[in-house]
Every structure is written in structure tokens, then in C-alpha cells.
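K.L.:
Handing you a structure now.
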Amino acid sequence: MDYLLGAEQIIHPVMWAQKMGKSVLLVGGLFAGAGKDILAHSPSSVDFPYTDSRLYSVALADFPHIRRIWEDKRFHPIRGDVRSFLRRTDKKYDVVFILPGVPLSGGDNRFWTQEFYQQVSSHLAEDGVVAVGIPVGANYLSPYQAELCAGILATFSAVFPNPEIYYLDGAVLIYHDRRFAGKHTELAERLLELLKSQKLRPVRAATVQPGYLPILFQPQRRTTLWREIAGAKFVRINHDWNPLIYIWGVLEQIYLAGVRLPADIFRHGEHRTLLIFLAVALALAILSLKKSLRPVGLVLVGGMWGILAQTLFMLVFQANFGTLYYLIGAGTGIFLLGTTFGSYCGTKFRRPSQAGIVISVTIIFLTTFLGYRGTFVPLWGFLGIFFLSGSVSGFAFGLASQGKISGGKLYAADLLGAAVGTAISLYVLPASSPLAVVAYLGALMIMSLVCSSAG
């Protein structure tokens with residue numbers, strides 16, 4: 001089912017249930033016809049923040065229907081990220097439509113987090129409504145789509161309690177009306193009452209004619225949807241600091257491959273990740289008891305950092321920009337360039353404390369970067385992150401090479417750390433948040449610096 005039908009089936013029922021003259025915030029969905037459908041209900045204004053100016057420049061030149069929407073006086077295109085726009089404005093909206101793409105990328109994921117829904121809530125009028133559209137199969141939810149809908153519903157419910165959810169023909173609609181929050185009155189009932197009293201505003205629509213509403217909102221479809229959602233095994237609230245995009249991506253791939261994954265693997269991920277890193281920290285502490293082996297511990301942790309950080313940031317990069325082999329190759333090359341730079345600089349540090357300050361500042365910056373991923377990060381920003389994360393591993397190797405241990409032994413320790421990092425990445429990265437992984441890795445790195453400088 002084309003998503004155009006899903007957008008149409010979301011916009012018209014929600015707008016039919018509202019009074020005339022409403023201010024609307026539209027997040028995504030313009031190419032699916034959402035702008036045209038909203039304007040058909042005579043709103044007072046439609047604010048549309050957007051980031052890809054080149055895409056819309058082409059659309060305005062080549063697609064007359066987009067140009068007509070753009071030139072409508074009620075339609076207000078706002079260049080810039082919607083989250084940045086909401087931070088700058090105090091405007092309240094009567095209706096908010098959230099229709100971005102499926103959260104398989106970091107760029108789209110920023111519209112599916114609890115933090116974004118909290119932003120929307122602060123800009124919602126006292127009698128305002130929020131509608132979220134999730135494109136799915138017309139009459140069937142795959143296991144991956146069920147997990148996706150369950151996670152988004154849990155995240156939405158954390159901000160907007162007791163939402164309504166409907167299984168439309170090609171989309172799932174999550175709906176919240178502040179006027180009736182916690183009450184029994186539902187969107188479907190109000191629409192059927194308006195249909196019965198012939199008070200629905202006439203609009204030109206391909207699939208959402210008034211007579212189709214009883215079929216679209218029939219109770220059996222909701223029962224089917226709730227049954228599918230109840231079977232989800234990996235439900236967790238989606239955060240900026242703990243994004244689920246990687247888990248959702250893994251689930252999609254394993255379901256397509258027909259693999260049965262143990263349901264327990266993604267539960268309590270942060271606690272298990274902490275235990276793994278505590279075990280590594282214990283091994284590092286034992287290794288540091290012998291003074292001559294302290295540089296080995298430093299390089300060992302540096303090797304772990306090199307693999308885990310490279311894998312982690314590469315996954316985050318792919319989540320934002322897709323699997324583009326030439327960009328991934330460029331990112332890997334810049335990471336190695338950062339490692340080279342760090343190795344050279346590491347030989348210039350006279351004391352581990354000097355390296356500790358530089359590494360600590362770098363790790364804090366990388367952690368902050370992951371923490372603020374709710375805002376879209378440009379390509380050059382990611383390439384800089386690759387360079388910095390590579391330099392941390394290089395600092396450790398360069399600093400340790402100032403001792404009396406041979407280069408061969410240090411290189412062996414580096415490779416051993418890389419092997420350990422590769423092994424635990426198979427479990428740690430899916431189970432834990434990127435922020436936690438970098439924080440634990442950073443703590444290990446600083447601990448190894450302290451151990452190497454002791455005595």
C-alpha cells in the first residue's frame with residue numbers, strides 16, 4: 001500500500017474531528033500529500049519546518065502540486081530542523097501531525113523519541129491533538145513492524161498518557177486529544193457521530209470518503225493491532241540518549257533472514273554491559289600490579305577502544321546517512337588517520353597525566369556528541385568524530401611506546417584488545433546504548449592511564 005494512502009487516511013479523520021480555523025504543525029509527510037490534505041480543511045496556518053533545502057528546490061521546480069502548496073498563504077515553510085525551531089518559538093498548536101519516515105536512520109529517529117514528544121507537548125494547545133503516522137503493511141504487521149509500533153506506542157504513551165491507536169489501511173495512527181485524555185470518548189466514535197449527522201466537511205480524497213469510515217475504524221482492526229503489539233518482545237522507550245534504531249534495524253534483518261533471536265538479549269542491556277566492563281577493569285587492575293606490564297594494559301584498552309568506538313560510530317554514521325560504501329570507506333580512513341595522529345602525539349607527552357587531560361576532554365566531547373543526537377549532525381561533523389575517536393586509541397599506543405617494552409609486545413597487546421573488543425561488540429552494542437558504551441570505554445581508558453602513571 002502506498003504511503004500516500006496512509007497519509008490521506010491519517011489527515012482527513014483527524015481534521016474532520018476538529019473545528020475550523022486551527023493552527024497546524026506538520027512534521028514530514030509533504031510528499032505523501034499531507035500538506036494538500038490539511039489545507040483542504042481550511043486551517044488558519046500550517047507551519048512546516050524542513051532541513052533539505054536542495055530537495056525542496058528540485059520539488060518546487062518539477063512538481064506543480066508541491067509548488068501550489070508552497071505558495072499557499074496559509075502554508076509557512078520554515079527552513080531548519082523542527083526540534084531547533086520548537087526550541088526557538090513559544091507558539092502553541094491546535095493540531096500536530098508527525099509523519100516522518102520509519103526510524104531506520106538517525107535523521108528520522110529524532111522524531112520518534114520521548115524528548116521530541118515532550119517538545120511537542122510543550123507546544124500543544126490546551127485542547128490540542130497529536131497524530132502520529134507509522135507506515136506499515138495494509139493488512140498484516142510483520143514481527144519487525146509489531147516491535148516498531150509497540151516501541152513507538154510506549155514512547156508516545158510516556159508523554160501522552162492513554163493514547164488511541166488505530167490500524168488503518170497502510171498505516172498505524174496513534175492519536176491523543178487533550179480534551180478527552182483519560183475519558184472514554186474516542187476519535188472513531190466522534191467520527192461516526194459526525195457521519196451519522198452528516199456534519200463531515202466535504203473533501204476530495206481517493207480512499208477516505210465518509211462512507212468508508214466505518215470500515216476503516218472497525219473494531220476488528222484495532223483488536224488485530226493490539227494482539228500484534230501485545231506479542232512484541234523488545235518494547236522499550238526510545239530516547240535521544242538511548243536510541244532504538246540499531247535494535248530495530250537488527251530485528252528487521254534477523255526477521256528477514258528467518259533467524260530466531262533469544263528474547264532476553266536486549267533486556268537490561270546497560271546492566272549487563274556494565275558487568276562486562278567491570279570484568280575487563282578487574283583484569284586491567286590485576287595486570288597493573290606488575291609495574292612493567294602497566295603500559296601493556298594501556299595498549300590493551302586502547303585496542304578495545306579502537307574496535308568498539310570504530311564499530312559504534314560507524315553504526316551511528318550508517319543510521320544517519322545509510323550504507324554508502326564510499327562514505328563508510330572515507331570514515332574508516334579518517335579514523336585511521338586519527339589513530340596515526342594520536343600515536344604521534346602520544347610520543348610527545350612527557351607524563352601520562354598530560355595525555356590523561358587530552359584523552360578525558362576528547363572522551364567527554366564524544367559522549368556529549370552522542371547525548372545530543374536529537375539534533376541532526378552534518379556529514380563533516382561525523383568525519384570529525386571519526387578522527388577524534390581514532391586519536392584516542394593512538395594516544396594510548398604512542399604513550400605506552402615510551403617505555404622499555406618492545407614494539408612487538410605492544411602491538412600484540414593492541415591486537416588482543418582489538419580481538420576482545422570485537423568479541424564483546426557482538427553482544428554489547430545491540431544490548432546497550434551508544435552513550436553507555438562510550439562512557440564505560442572512557443572510564444576504562446582513564447583507569448588504564450592512572451594505572452600506567454602509578455609508581
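K.L.:
Condition first: at pLDDT 75 or above and among the polar types (S, T, N, Q). Can you find one or more residues in the range 352-372 that meet it?
P.N.:
Yes, the range 352-372 contains at least one residue that is at pLDDT 75 or above and among the polar types (S, T, N, Q).
K.L.:
Still on this model: What pairs can you find where one residue is in the range 229-240 and under 14 Å from TRP112 (Cα atoms), the other is in a loop (DSSP other than H, G, I, E, B), and their Cβ atoms are less than 6 Å apart, with a gap of 6+ or different chains?
P.N.:
Close Cβ pairs satisfying both conditions: ILE237/ALA158; ASN238/TRP112; ASN238/THR113; ASN238/LEU244; HIS239/THR113; ASP240/THR113; ASP240/ARG373; ASP240/GLY374.
K.L.:
Hey, among the residues in the range 42-74 that are part of a loop (DSSP other than H, G, I, E, B) and closer than 23 Å to ARG110 by Cβ, which one's modelled with the lowest pLDDT? Full working, then the answer.
P.N.:
Filtering the range 42-74 for residues part of a loop (DSSP other than H, G, I, E, B) gives 42-44, 51-52, 63, 72-74.
Next cut, closer than 23 Å to ARG110 by Cβ only: 51-52.
Values: THR51: 82, ASP52: 79.
By that ranking, first place goes to ASP52.
K.L.:
Right, next: Suppose we filter the range 83-93 for residues that are at pLDDT below 95 and crowded, with 18+ Cβ neighbours inside 10 Å; how many remain?
P.N.:
Total satisfying the criteria: 3.
K.L.:
Moving on. I want to confirm something. Restricting to the range 277-306 and keeping residues that are farther than 13 Å from LEU444 by Cβ and surrounded by fewer than 20 Cβ atoms within 10 Å (Cβ to Cβ), which single residue is nearest to the chain's Cα centre (by Cα)? It would help to see each step written out before you state the result.
P.N.:
Step one: filter the range 277-306 for residues farther than 13 Å from LEU444 by Cβ, giving 286, 289-296.
Okay, now just the ones that are also surrounded by fewer than 20 Cβ atoms within 10 Å (Cβ to Cβ), so 286, 289-293.
On the way: ILE286: 39, LEU289: 42, LYS290: 44, LYS291: 44, SER292: 44, LEU293: 41 Å.
Restricting to residues being farther than 13 Å from LEU444 by Cβ and surrounded by fewer than 20 Cβ atoms within 10 Å (Cβ to Cβ), the top hit is ILE286.
K.L.:
Here is a follow-up. Answer yes if at least one residue in the range 330-347 is modelled with pLDDT of 70 or more and either part of a loop (DSSP other than H, G, I, E, B) or touching a His at 6+ places or on another chain (Cβ under 9 Å) (or both), and no otherwise. So that I can check it myself, show each step before the final result.
P.N.:
Residues of the range 330-347 modelled with pLDDT of 70 or more: 330-347.
Add one more test, that the residue is either part of a loop (DSSP other than H, G, I, E, B) or touching a His at 6+ places or on another chain (Cβ under 9 Å) (or both), and what stays is 347.
Yes, there is a match, as at least one residue in the range 330-347 is modelled with pLDDT of 70 or more and either part of a loop (DSSP other than H, G, I, E, B) or touching a His at 6+ places or on another chain (Cβ under 9 Å) (or both).
K.L.:
Tell me whether the range 50-62 contains one or more residues that are closer than 24 Å to HIS123 by Cα and in contact with a strand residue (DSSP E or B) (Cβ under 9 Å, 6 or more places away or on another chain).
P.N.:
Yes, there is a match, as at least one residue in the range 50-62 is closer than 24 Å to HIS123 by Cα and in contact with a strand residue (DSSP E or B) (Cβ under 9 Å, 6 or more places away or on another chain).
K.L.:
Here's a follow-up. Taking the condition surrounded by fewer than 19 Cβ atoms within 10 Å (Cβ to Cβ), assigned by TED's automatic domain parsing to the domain that holds GLU126, over 22 Å from GLY101 (Cβ atoms) and modelled with pLDDT under 85, does ARG221 pass?
P.N.:
On the way: surrounded by fewer than 19 Cβ atoms within 10 Å (Cβ to Cβ): yes; assigned by TED's automatic domain parsing to the domain that holds GLU126: yes; over 22 Å from GLY101 (Cβ atoms): yes; modelled with pLDDT under 85: no.
In short, no.
Residue by residue, here is whether (1) closer than 18 Å to GLN220 by Cα; (2) surrounded by fewer than 16 Cβ atoms within 10 Å (Cβ to Cβ) holds:
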site: SER122; (1), (2): no, yes
site: GLU126; (1), (2): no, yes
site: ALA146; (1), (2): yes, no
site: GLY151; (1), (2): no, no
site: THR155; (1), (2): no, no
site: PRO161; (1), (2): no, yes
site: LEU187; (1), (2): yes, no
site: LEU192; (1), (2): yes, yes
site: SER197; (1), (2): no, yes
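K.L.:
Next question, about the same structure. Limited to the range 21-41, what total is found for residues that are within 15 Å of PHE111 (Cβ to Cβ) and not in a loop (DSSP other than H, G, I, E, B)? Spell out how you get there, then give the answer.
P.N.:
Of all residues in the range 21-41, those within 15 Å of PHE111 (Cβ to Cβ) come to 25-30, 32, 34.
Then drop every residue that is not not in a loop (DSSP other than H, G, I, E, B), which leaves 25-27, 30, 32, 34.
Qualifying residue count, the range 21-41: 6.
K.L.:
Give ASP47, ASP81, ASP52 a once-over and let me know the one that is over 24 Å from ASP177 (Cα atoms), touching a residue at least 40 places away in the same chain (Cβ under 8 Å) and of a type in the set (Asp, Glu).
P.N.:
On the way: ASP47 fails: over 24 Å from ASP177 (Cα atoms); ASP52 fails: touching a residue at least 40 places away in the same chain (Cβ under 8 Å).
That would be ASP81, the only listed residue that is over 24 Å from ASP177 (Cα atoms), touching a residue at least 40 places away in the same chain (Cβ under 8 Å) and of a type in the set (Asp, Glu).
The values are calculated or read from the model by the stated rules, or taken from the named source; none is laboratory data. Remember, it's a predicted structure, so these values are computed and weren't measured experimentally. Note that each Cβ is placed from the backbone with ideal geometry, even for glycine, and that neighbours are counted across all protein chains shown.
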